[in-house]
Amino acid sequence: MADTVYQLSGVVKNYRKGRSTIMALRGVDLVIRDGEWLAIQGPTGHGKSTLLQILGGLDRPTSGTVEFEGTDLATLSEARVRARSIGFVFQTFNLIPTLSAAENVEVALVPLGLGAAECRTRAEQGLAAVGLGDRLRHLPSELSGGQQQRVAIARALVKEPRVLLADEPTGNLDEGTRDEIIALLEDLWRSRGLTMVLVTHDSAVAGRAPRLGLMTDGRFEERS
Amino acid sequence: MFFTYLWRELRRRMRQAVLIALGLALGVGLVITVTAASDGVKDSQATVLHTLYGVGTDITVTQPPAKGSGGGTSFGFRQQINSVRSGQIAAGTKASNAASVTGPGRVLGSGAAQALAGAGHTVSVTLTAPVTLSVIVLAVLLALAGGLVAGSFGGWRAARLRPAAALARVA
């Protein structure tokens, strides 16, 4: 059996909005193993993104535990885990508009303290791996949506993380570009042995994953 | 990478950058103006009060003798007054070579007399801005310190945001 990367036990997440409390997650139990691709589907506002943020250490649960590689994430330096082991891809790309494609990818290597030359080399290799080897000097505004998402994927993978978390990575793309991006992610998942968790409301995207989960009203259900 | 990002952001936000630069220039100008005004006031005080600088122990006040009393209180100054009236300089007095008698029983030093005589005149003092290297350095340092404090506060607040909340803001 493959190693367990994530083990979530009774994870609850509440947000306070004024006087009311929003229960985003209502006791999620989940195990994700090494090399798995889990797609999480569900309607908007039912906790998909919140779950992903908790998996990535971007947010902390109100109660319950999240173990990453056998250690409670709350006891680890979340910033260090994020910098080394987890790559993120967002729906809105979140590229820095004033930096070129190569510089945007290099940004992910800053916390690792690598030399400038190595950062540049790895960024160029990362962009070449997503088919943008000829767009190194282009600003995000000079790239199409699909190309921007490729840059974001290169940025997520340039540090060679163990886990890739993708939050609606095709949400802002047209159908043709969506298929290209999903094909690219699938290829990278296979070739690099990544553990991938992908959140989407698109059934066509979710259907590509070997494992499928459904978030409904803050609860996780396994789908076969 | 940090400085590349900083420079590109400043170029991208040219209008804001120019506005802040103008604010810094205004700060520099204010420091120079305040320094100039301070120096000017000091100079004008020196000019106006110059004639009083000689006033010291040469101001002597005596009480005129009351009728029938056989003489007023002497205060021990009679000798000095007499000396002054006769054009002699009292031993131990300073700054004054001559004395002016302004009335019976009142003796003032020459400096005080000049000051009183000049009190009715207007003294014009020109305010000049002392743009020296030290003033400019001080002004730039003050402006930079203000900018750093303001920037650090914003950065500190941003750094305390939860990553999820920060991402929600840029989305």
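Just need a number here: residues in the stretch A:27-55 that are part of a loop (DSSP other than H, G, I, E, B) and charged (D, E, K, R). Can you show your working first?
Restricting attention to the stretch A:27-55, the residues satisfying the condition of being part of a loop (DSSP other than H, G, I, E, B) are A:34-36, A:42-47.
Those left that are additionally charged (D, E, K, R): A:34, A:36.
So the count comes out to 2.
Quick test for you: out of A:A74, A:A79, pick the one residue that is within 13 Å of chain B (Cβ to nearest Cβ) and surrounded by fewer than 17 Cβ atoms within 10 Å (Cβ to Cβ). That would be A:A79, the only listed residue that is within 13 Å of chain B (Cβ to nearest Cβ) and surrounded by fewer than 17 Cβ atoms within 10 Å (Cβ to Cβ). No other residue among B:G23, B:G56 is more than 14 Å from chain A (Cβ to nearest Cβ), within 30 Å of B:A139 (Cα to Cα) and either surrounded by 13 or more Cβ atoms within 10 Å (Cβ to Cβ) or modelled with pLDDT under 80 (or both) apart from B:G23.
The single condition among (1) within 9 Å of another protein chain (Cβ to nearest Cβ); (2) in contact with a strand residue (DSSP E or B) (Cβ under 7 Å, 6 or more places away or on another chain) that A:G87 does not meet is (1). Could you list, in sequence order, the residues of the stretch A:91-121 that are among the small types (G, A, S) and either facing chain B (nearest Cβ under 7 Å) or over 16 Å from B:F3 (Cβ atoms) (or both)? Matches in the stretch A:91-121: A:A101, A:A102, A:A108, A:G113, A:G115, A:A117.
To keep it simple, each residue is scored yes or no on (1) among the polar types (S, T, N, Q); (2) surrounded by 12 or more Cβ atoms within 10 Å (Cβ to Cβ); (3) not in a helix (DSSP H, G or I).
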| residue | (1), (2), (3) |
| --- | --- |
| B:Y5 | no, yes, no |
| B:E9 | no, yes, no |
| B:L19 | no, no, no |
| B:V28 | no, yes, no |
| B:T33 | yes, yes, no |
| B:V41 | no, yes, no |
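Hey, any hits in the stretch A:103-125 for a residue that's closer than 15 Å to A:V11 by Cα, loosely packed, with under 15 Cβ neighbours inside 10 Å and of a type outside the set (F, W, Y)? So far as the stretch A:103-125 goes, no, none of its residues is closer than 15 Å to A:V11 by Cα, loosely packed, with under 15 Cβ neighbours inside 10 Å and of a type outside the set (F, W, Y).
Which of the residues that make up the stretch A:101-152 are β-branched (V, I, T) and under 17 Å from the mean Cα position of the chain (by Cα)? Within the stretch A:101-152, A:V105, A:V107, A:V130, A:V151 meet the criteria. Within the stretch A:15-33, being charged (D, E, K, R) and free of Cβ contacts under 8 Å to residues at least 24 places away in the same chain holds for A:R16, A:K17, A:R19.
Number of residues in the stretch A:68-90 that are under 17 Å from the mean Cα position of the chain (by Cα) and either modelled with pLDDT under 90 or part of a strand (DSSP E or B) (or both) equals 13. Of the set (1) aliphatic (A, V, I, L, M); (2) over 15 Å from the mean Cα position of the chain (by Cα); (3) part of a loop (DSSP other than H, G, I, E, B), all apply to A:L58 but (2).
The values are calculated or read from the model by the stated rules, or taken from the named source; none is laboratory data. Everything numeric here is computed off the predicted structure, so don't read it as measured data. Note: ideal-geometry Cβ built from the backbone for every residue, glycine included; neighbour counts use all protein chains shown.
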